[in-house]
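The values are calculated or read from the model by the stated rules, or taken from the named source; none is laboratory data. Values in this document were obtained by computation on a predicted structure and should not be read as measured data. Cβ: placed from backbone, ideal geometry, glycine included. Neighbour counts: every protein chain shown.
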Amino acid sequence: MGDLPRSMGRLGSTYGIKGYLKVQSFTEQPENLFDYSPWFIRRRGEDWREVQVEAWKPHGDSFIVKLREVNVREEAALLTGMDIGIKRSSLPPTSDDEFYLCDLEGCKVIGNDEVCLGKVLRVVDQGAAPYMVVSPSDQTKGNHNQRLIPFVRGPIVTDVDLESGIIRVLWGEDY
């Protein structure tokens, strides 16, 4: 994946008339999203483009942000729903037993009976537990759709070996 931006949040609806947008952060501590610069934004399937955060502040139990060059509600409305990306090189290093969820992208997922279920396309963290979006594998019987596998260490994810690019899960090919 190189140093392409990794999705770390999403721009929500507009707020006010001066170009502010609501922000959904996918970081463990939501306010940490604002520690990283620059941000990159895109719609899924399009190229990332760099933006600068001019200002941000807590708003209720979430946040609002003002991006440089966005000064009115109509300009902000064009950005709603875009992913917020951060380059991997902008993130602080992890300890030996830690990793970022974005590091799972591209890893093979091995399920029950050593069946390759596919590769991790992306990890989405929007609720109680993140889930891996896993590409279809030609090794599985019948189901050739993307799989959504919860990333829950222990009961589902039994091993993550980033060096070999393999994630082992207790997950059947017929789930």
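Table: residues versus (1) out of contact with any Pro (no Cβ under 9 Å at 6 or more places or on another chain); (2) surrounded by fewer than 12 Cβ atoms within 10 Å (Cβ to Cβ); (3) outside the structural domain of Val123 (by TED's automatic domain parsing).
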{"position": "Thr14", "(1), (2), (3)": "yes, no, yes"}
{"position": "Ser25", "(1), (2), (3)": "yes, no, yes"}
{"position": "Phe34", "(1), (2), (3)": "yes, no, yes"}
{"position": "Leu67", "(1), (2), (3)": "yes, no, yes"}
{"position": "Asn71", "(1), (2), (3)": "yes, no, yes"}
{"position": "Glu74", "(1), (2), (3)": "yes, yes, yes"}
{"position": "Ala77", "(1), (2), (3)": "yes, no, yes"}
{"position": "Gly85", "(1), (2), (3)": "no, no, yes"}
{"position": "Asp96", "(1), (2), (3)": "yes, yes, yes"}
Wholly enclosed strands (runs of 3 or more DSSP E) of the range 41-159 bearing at least 2 residues charged (D, E, K, R): 49-51, 53-59, 83-87, 116-124
Residue match in the range 12-34 (condition: in a strand (DSSP E or B), closer than 24 Å to Ala129 by Cα, aromatic (Phe, Trp, Tyr) and in contact with a strand residue (DSSP E or B) (Cβ under 7 Å, 6 or more places away or on another chain)): no
